[in-house]
Amino acid sequence: MKQGLRCVDARNIDLVSYLETLGFSPQKVRGQDYWYCSPLRNEKTPSFKVDRNKNLWYDHGIGKGGNLVDFGVLFYGCSIRELLQKLSGNGTLLFSFHPPVSPEKAALEGDQGRLQITTVQPLSNPHLFHYLDLRGIGHALAKQYLEEVTFALNGRSYTSLGFQNNRGGFELRSRYFKGSSAPKDVTFFDHKGDAVCVFEGCFSFLSYLSLMENQGAATGVPQPEKGVNYLVLNSLSFLEKSRGLMERYPSVHLYLDCDAAGLNATQQALQWSPKYKDKSAFYKGYKDLNDFLVHQLKTGKTQGRRRGLHL
């Protein structure tokens, strides 16, 4: 797309994802509140809060807040026009859009800013397959769990990978887009097993399955579908909300991300009960399971490295 980003689009960009692209990770997450050491000044105690439900920030240290446009103007010290040029990159959307909190709220605000799913079909788009290649996910595996979703947002049409949650909403991913449609929820695969493996997002989940596929026959690791259930949180805010579900099983294996938010969430779960096990040791030093998988594929190690993959 060669059109520049509009202000209404910029305000819909998910602040948490955008801050991540700038190298800022939350120091703690409490429900929908993400706390950071302020990107706008030096501090050791996090006082910069992002309310992910409202997609708004507030810096308690300077008494200022607002949406992403307000943040970007302060962060870069530029005009709104200059900020929109930065966000547009080379004419391509580089960041995720923040969906409405609920269908009810979206209806009140009108359809202009609402993400609306228009079509859902089996994967066929070559650009999406190329994106899967970049993420190290095989096409056959992707077709089992992902769909091709076309949606409208602010008068424009987009096509992305769709990972459906338990309530019918989708996590939406493409090379240049990261977002979700309402309603937001977890995705649970019940295989009637005694253990549940927990992942933050769909690509960590698919990366795990890819690693199991690549190594199962060579290492004798049993196919996990036969005795393991899978819980994809789709947001760390669902970790505590999913505690009742996880507590049903004797073993809970945590494959969360290795950033500050993921590590904090892992530590939180480990304090709940001995049944929770941190299984991230084998991808320590990598951002997440997908980062580990991509590195293994690049270095040709997917067949040999199995440390930590056993159940």
Open item on the list: Report, in listed order, any pair from K86/K287; K28/K54; K86/K178; K28/K275; K192/K275 with a Cα-Cα distance greater than 20 Å.
Closed with: K86/K287; K28/K275
Task: More than 23 angstrom apart: percent of Cα pairs within segment 187-299 - done: 24 percent
TODO: Count the net charge of all other residues whose Cβ sits under 14 Å from the Cβ of D33, scoring Lys and Arg as +1 and Asp and Glu as -1.
DONE: +2
Open item on the list: For the pair Q121/E82, report the inter-label distance in nm, with labels modelled 7 Å from Cα in the Cβ direction.
Closed with: 4.5 nm
Task: Pairwise centroid distance, computed over Cα atoms, of segment 111-182 with segment 224-275, Å - done: 25 Å
Task: Built amide H within the under 5 Å cut-off of S25, gap 5+ - done: none
Open item on the list: To make sure I understand, if each residue's beta carbon is the centre and we count other beta carbons within 10 Å, what order do Y176, Y283, Y255 fall in, fewest to most?
Closed with: Y176, Y255, Y283
- [ ] Can you tell me which of 229-241, 259-271 comes out highest on packing, and rank the rest after it, using the mean Cβ neighbours within 10 Å?
- [x] 229-241, 259-271
Task: Neighbour-count ranking [beta-carbon atoms within 10 angstrom, fewest first] of R175, R30, R135 - done: R30, R175, R135
Task: Calculated FRET efficiency for the pair F188/K277, C-beta based, R₀ 22 Å, to 0.05 - done: 0.75
Task: Gyration tensor (alpha-carbon) shape descriptor, segment 109-208, a/c threshold 1.5 - done: oblate
Task: Highest to lowest packing among 157-167, 243-253, 195-205, scored as the average C-beta count within 10 Å - done: 195-205, 157-167, 243-253
TODO: Give me the percent of Cα-Cα pairs in segment 7-88 that sit more than 18 Å apart, rounded to a whole number.
DONE: 35 percent
- [ ] Compute the relative contact order of segment 150-193 as a whole-number percentage, counting only Cα pairs closer than 8 Å that sit 6 or more residues apart in sequence.
- [x] 28 percent
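We did not get these values from a lab; they are worked out from the coordinates using the rules stated. Remember, it's a predicted structure, so these values are computed and weren't measured experimentally. All Cβ positions, even for glycine, are placed from backbone atoms using ideal geometry, and neighbour counts span all protein chains on display.
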